[in-house]
Amino acid sequence: MPQDTASDAAGTPATVEMGPANDKPAPNQAADSASVPEQAAKPALAPLTPQEFRIYNRLAEQMDYFHDHFRQMYATLHTACTTNRRPANMSLKQFVDEGLRLARYLEMHHSIEETHLYPLLGRKMPEFRASSSPAGTGKGGGKRGKKEECELLRQHQIIHDGMDEMADYLRRCKDKECELDLGVLRSKVEPWGDVLLKHLDQEVRELGAEKMRKYYTLQEMKAFPI
């Protein structure tokens, strides 16, 4: 008589579970589903001594010294524009020269930074680094990656785009191609002024002692060629 037992193709009886499935996880599965322990917090850096702070903060102090001059020069121009009155102690020629001097000094200052300081700092600090994006692909092979500038370098570009337009106007006034109009000058000073003031403060913060100690040792700071 034929047997009622189900069998597979090889003739081996197939096992069929008729009872309810066992949904209880295995012990090791339960352990795996446990919450991941929180990462241990990084130990706080020891407070700097006054001498250590001076060493780490040296670049910030030097930078702020130059930046104070730029702040004062910009304030002279902007105040004259917003009050529609030149400083009482400045002739028209002196006032125009002050604006041209600000443009010239900023150009020189930023050129030194981008040529010498930023590449040196950028070896360790991404805040000063111009990094390259991954190379694109296309017909005929890959293309070289495009450099992505850090925020400080992008600020340089915005400042110089606006500053160049201001300087061009002041040069035309100096050459008597047009008369100085403080309302017109204001329209050429304010578009980049907020970026300039933000940049001057931000750059000093990035060079501050607490930031620099994360990347450099005391000996490295002492040997910094600036």
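Assorted remarks:
- Apart from one condition, P13 fits all of (1) touching a strand residue (DSSP E or B) at 6+ places or on another chain (Cβ under 6 Å); (2) modelled with pLDDT of 95 or more; (3) not aromatic (F, W, Y); the exception is (2).
- Residue pairs meeting the criteria (Cβ under 9 Å; at least 6 apart or on separate chains; first over 14 Å from G99 (Cα atoms), in the range 160-180; second assigned to a helix (DSSP H, G or I) and at pLDDT 95 or above): D161/P191; D161/W192; E177/R171; C178/Y169; C178/R172; C178/V184; E179/C173
- Yes/no for A30 being modelled with pLDDT under 50, more than 30 Å from I226 (Cβ to Cβ) and in a helix (DSSP H, G or I): yes
- For the range 114-126, the set of residues classified as in contact (Cβ under 8 Å) with a residue 24 or more places away in the chain and either under 22 Å from D161 (Cβ atoms) or among the basic types (K, R) (or both) consists of E114, L117, Y118, K124, listed by residue number.
- Hits in the range 49-70 (condition: over 18 Å from K214 (Cβ atoms), of a type outside the set (A, V, I, L, M, F, W, C) and in contact (Cβ under 8 Å) with a residue 40 or more places away in the chain): Q62, D64, H67
- Output for the range 75-95, where each listed residue is of a type in the set (S, T, Y) and either over 15 Å from S187 (Cα atoms) or within 30 Å of the chain's Cα centre (by Cα) (or both): T76, T79, S91
- The range 204-226, subset of a type in the set (V, I, T) and exposed (fewer than 14 other Cβ atoms within 10 Å of the Cβ), residue nearest to L121 (Cα to Cα): I226
- Among residues of the range 46-68, those that are assigned to a helix (DSSP H, G or I), exposed (fewer than 13 other Cβ atoms within 10 Å of the Cβ) and among the hydroxyl-bearing types (S, T, Y), counted: 1
The values are calculated or read from the model by the stated rules, or taken from the named source; none is laboratory data. Here the structure is a predicted model, which is why all the values come from computation and not from measurement. All Cβ positions, glycine included, derive from the backbone under ideal geometry; neighbour counts span all protein chains shown.
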